[in-house]
Amino acid sequence: MANFQNIVGYQLAQAASTTAGATIYTVPSTPPTLTFVKNMMICNTTGSPITFNLHLVPSGGTAGTGNAVYYGTSVAANATLEWTGTMIMNSGGTIYFKASATGLTITISGGQGT
């Protein structure tokens, strides 16, 4: 079990949106690790609004309404949505990102403890 006594902070993920959706981060399973998500920025680089879904999926799970952090959320044209807080993810958990169009860039920062 991670105890966060030795925390290493870094950029967890940066990805461009796809309409198919993709796993953009996986919490390491070996050694058992906890990851904390501290900041997320979703930037719309287009002249039209784009909606997106973002899920924190537990190990062995699939993206769905039960693990959505954002669901059908719109980012205005040429705008950036920012979230700051703390969410903890367990070993093997994933971050899944899907959008209605290409043109979003997501950047997620946080840290890990083993």
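A short reminder: the numbers here are calculations on the coordinates, not readings from a lab. Just so it is clear, the model here is predicted, and its values are computed rather than measured. Every residue, glycine as well, gets a Cβ built from its backbone with ideal geometry; the counts of neighbours run over all protein chains shown.
Residue exposure proxy: T23, T62, ordered by other Cβ atoms within 10 angstrom of their Cβ from fewest to most, comes out as T62, T23. Listed options for mean projected area of the Cα convex hull in nm² are (i) 22.3; (ii) 6.6; (iii) 11.1. The value calculated from this structure is the one marked (ii). The distance between label points at K38 and V8 comes to 1.5 nm (points 7 Å beyond Cα on the Cα→Cβ vector).
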